[in-house]
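Working notes for the structure below.
Laboratory data are not the source of any read-out in this text; all were calculated from the coordinates shown. Note that the structure is a prediction, hence the values are computed from the model and not measured. Cβ: placed from backbone, ideal geometry, glycine included. Neighbour counts: every protein chain shown.
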Amino acid sequence: MKNKKPDTRPVNLNLLKIRQPITAIASIGHRISGVLLFLSIPFVIWMLERSLQGPQGFADVSALFDNSLIKILTLLLAWSAAHHFFAGIRFLLLDIEIGIDLATARTSAMVVNVLGVIGVLIAMVMIL
Amino acid sequence: MSGLNAWLLQRISAVYLAGFLVYFLVSLLICAPQSYADWSDWMSSSTMALATTLFFIALLSHAWVGMRDVLLDYVKPFALRLTLLILLAVGLLVMALWVIRILLTGAAV
């Protein structure tokens, strides 16, 4: 179904100007946090291995968290884990048709986005 | 693994991962292991050894479905898509073998 007329509709793909719906932000956040969590897996496995190798290994892994860069990465992972956890529960509920009307879906998306940020704040208090 | 099976695997693993995460964080909040001995004892207890094994099975399966979906959505050129999917599968298998080695060593100690 190709329209012969030239398409004169305005195109605005400026990512800084497009306002995505709150549900889309929760959704893309779920993807981005998922990829970040995936990338963290080898480091988590490495820490598990090192921390179980003996008292020295355990001390080495504990000492890692004194490093500022590691602290920042930990906060990024705390957001990822919190957002992925809550957005994931929201998707599971949507799967079983809980909260699928638009108003509720928007509210729950907002709640999920806020809980992700609260997760980082809690992590900040704990590690900084 | 595709279609309904992948969808179901993603959801079942998600439920386990969520449960394990809550259990793990709450345990750390109540009584964080302060020494290697505490940590090692806790991780090698039979409950935790089983729970951790299931955690990594769920985590790596969940990562496979999720990352596969992301690659299929965003990587269009067929050769690149196939290459990345193969790298993903190999990477996850290597991680699985690595975890198995850690958990078997831990159990033996």
Test item: B:23-35 mean partner chain Cβ contacts at 10 Å:
1
0 to 90° range, to nearest 10: angle between helix A:68-95 axis and chain A longest Cα axis:
50 degrees
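Counting only other chains, and only Cβ atoms inside 10 Å, what mean value do you get across the residues of A:50-61?
Details: counts 1, 6, 10, 6, 3, 5, 1, 2, 8, 2, 0, 2.
Mean number of neighbouring Cβ atoms from other chains: 4.
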Can you tell me the 0 to 90 degree angle between the C-alpha axis of helix B:3-30 and the longest principal axis of chain B, rounded to 10?
30 degrees
Starting from the Cα of residue A:93, step 7 Å toward the Cβ, then list every residue of segment B:1-40 with an amide N under 17 Å from that point.
B:15, B:18-19
By the scheme Lys and Arg +1, Asp and Glu -1, what is the net charge of all other residues having a beta-carbon under 14 Å from that of residue A:106?
+1
So what's the angle, to the nearest 10 degrees on a 0 to 90 scale, between helix A:22-51 and the longest Cα principal axis of chain A?
20 degrees
Tally Lys/Arg at +1 and Asp/Glu at -1 over every other residue whose Cβ is under 14 Å from the Cβ of residue B:5; what's the total?
+1
